[in-house]
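A quick write-up on the structure given underneath.
The values are calculated or read from the model by the stated rules, or taken from the named source; none is laboratory data. Values in this document were obtained by computation on a predicted structure and should not be read as measured data. Positions of Cβ are backbone-derived with ideal geometry, glycine not excepted, and every protein chain shown enters the neighbour counts. Just so you know, the surface numbers come from the protein's heavy atoms only, side chains and all, with ligands and any DNA or RNA stripped out. Shrake-Rupley method; radii C 1.70, N 1.55, O 1.52, S 1.80 Å.
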Amino acid sequence: MSSTLGHHSPEGSRMERDSSQDRAGGDFVLPCPRDGGIALCAGCSAQGHCRLGLQAERLDCDGTVWTDLVCAAEHAGGPGVAHGGWTAGVLDELVGHVPMLHGTLAVTGTLAVRFLRPVPVGRQLVGSAGIVTKTDGRWHVRARLCLAAGGAELAVADAVMVERDPSHYSRFRAWLDTQE
């Protein structure tokens, strides 16, 4: 991975990042491992924070990614509970951070979500995600979303993340241009 990638920390400090969106890594701003930051996608990088509510992440020595997060009221789907789309989006983000924090960018090939209990709005949550298996550029990853207090499991996802090359998004744009 290029050392020209920038970093984002909760305090909002950010170094200049590579402007290329076509190479692997050009669309993410990686955290400094020591600052408790969060890797931000291009859309969230422009806002300076994760719009899904991810606050800090760390990669344990066993390869598990741990993330602190809160569902904001704007993502409520019912009284005091998160919209299922928010929950699925967060789980997708968690599984995507596993290959990324291991130095590889990938896109979601499949994502299967099991909703176990309603996810409360405004409560501290913890997400975890780790590799189940990795074969031929496909990362089978499992993520869990739990209450920080007590650890009750709220939702689980199994995903296949497919490693991507630097031309992934330029190929997409070229294909999209043929659809007009």
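When region 97-146 is limited to residues that are more than 19 Å from R164 (Cα to Cα) and of a type in the set (S, T, N, Q), the one that is surrounded by the fewest Cβ atoms within 10 Å (Cβ to Cβ) turns out to be Q124. Can you tell me which residue in region 155-179 is farthest from G103 (Cα to Cα), limited to those that are open to solvent by 50 Å² or more (accessible area, probe 1.4 Å) and among the acidic types (D, E)? Checked region 155-179; the qualifying residue farthest from G103 (Cα to Cα) is D177. Residue count for region 143-165 under the criterion of being part of a strand (DSSP E or B) and touching a residue at least 40 places away in the same chain (Cβ under 8 Å): the result is 12.
Scanning region 118-142 for residues that are part of a strand (DSSP E or B) and of a type in the set (A, V, I, L, M) returns L125, V126, A129, I131, V132, V141. Looking across T108, T104, T133, T67, one residue alone is more than 23 Å from G150 (Cα to Cα) and at pLDDT below 95. It is T104.
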